[in-house]
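Student: So that we are looking at the same thing, I have put the structure below in structure tokens.
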């Protein structure tokens, strides 16, 4: 996967008041501040304004984040690949999926390889985020293990670090039996009215109606419904929308 689109150059620039050429922040004087404490983040190669943020906002560049992540992955002792299936980037946000092909769970039909998702933004919509999930081999469904595996989160005002990534990967492997048992349980449990209502309320009523019929309640398993939901999210929704829906599916199915 070509990572160059993720690494476009950005810079912080002073903001000017209309009808004056006096900068409100002097880039050569770190003691000066904007009134109300704001600055601009721009994409350098296109001169596009990405956002206006507080001057306390510490920008984490995608390029720096990816380089640090790859260095840590190279020493974690596991094979990995950068997976384009659930990765995306625009001026405002990025999501990078890393898949570990040798770390596998399994359902009755398919291998399910452990994955990690890394998020970043330049518009304050989110800080650096790292969490575990999986990719189902038979249909490339993206799965999030939000409830069962530990998460890492860093606000930009506090910096970020992946120094303990190997430890978190080791912790994730220890949870494999628990995750595997949960998958087997979902393969046995039928879909109930309560579950269908939870999906409608907590994920999307429209999505619930798109993936199953009311008369299928009690006739299909919860894992079958889970796979229908994750398949629709992975292949029908825009990449920038997938994470929120995947996380909500994780909560509803206790994964």
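Where a number appears in this text, it was derived from the coordinates with a stated rule and is not lab data. Please read these numbers as outputs of a predicted model, since none were measured by experiment. Cβ atoms come from the backbone with ideal geometry, glycine included; neighbour counts cover every protein chain shown.
Student: Looking only at segment 80-91, filter to residues that are touching a strand residue (DSSP E or B) at 6+ places or on another chain (Cβ under 7 Å) and closer than 22 Å to residue 236 by Cβ; which one of those is surrounded by the fewest Cβ atoms within 10 Å (Cβ to Cβ)? Give the steps one after another, and end with the answer.
Tutor: Of segment 80-91, the ones touching a strand residue (DSSP E or B) at 6+ places or on another chain (Cβ under 7 Å) are 80-83, 85-88, 91.
Subset that is closer than 22 Å to residue 236 by Cβ: 83, 85-88.
Working: 83: 21, 85: 16, 86: 24, 87: 19, 88: 18.
Of everything passing the filter in segment 80-91, 85 is surrounded by the fewest Cβ atoms within 10 Å (Cβ to Cβ).
Student: Go through (1) under 16 Å from the mean Cα position of the chain (by Cα); (2) under 29 Å from residue 45 (Cα atoms); (3) surrounded by 15 or more Cβ atoms within 10 Å (Cβ to Cβ) and name the single condition residue 68 misses.
Tutor: Here residue 68 clears every test but (1).
Student: Quick check, is residue 192 surrounded by 12 or more Cβ atoms within 10 Å (Cβ to Cβ), more than 23 Å from residue 110 (Cα to Cα) and free of Cβ contacts under 8 Å to residues at least 40 places away in the same chain?
Tutor: In short, yes.
Student: What number of residues within segment 92-106 are over 22 Å from residue 9 (Cβ atoms) and surrounded by fewer than 18 Cβ atoms within 10 Å (Cβ to Cβ)?
Tutor: Counting residues in segment 92-106 that are over 22 Å from residue 9 (Cβ atoms) and surrounded by fewer than 18 Cβ atoms within 10 Å (Cβ to Cβ) gives 4.
Student: Tell me whether segment 226-248 contains one or more residues that are exposed (fewer than 13 other Cβ atoms within 10 Å of the Cβ), touching a helix residue (DSSP H, G or I) at 6+ places or on another chain (Cβ under 8 Å) and under 19 Å from residue 187 (Cα atoms).
Tutor: No, segment 226-248 contains no residue that is exposed (fewer than 13 other Cβ atoms within 10 Å of the Cβ), touching a helix residue (DSSP H, G or I) at 6+ places or on another chain (Cβ under 8 Å) and under 19 Å from residue 187 (Cα atoms).
Student: Return the residue satisfying two criteria in turn: it lies in segment 104-128 and is within 19 Å of residue 55 (Cβ to Cβ) and part of a loop (DSSP other than H, G, I, E, B), and of such residues it is nearest to the chain's Cα centre (by Cα).
Tutor: 127
Student: Contact list please: Cβ distance under 7 Å, first residue in segment 233-255 and free of Cβ contacts under 8 Å to residues at least 12 places away in the same chain, second residue part of a helix (DSSP H, G or I), pairs at least six apart or on different chains.
Tutor: Between residues of segment 233-255 that are free of Cβ contacts under 8 Å to residues at least 12 places away in the same chain and residues that are part of a helix (DSSP H, G or I), the close pairs are 237/245.
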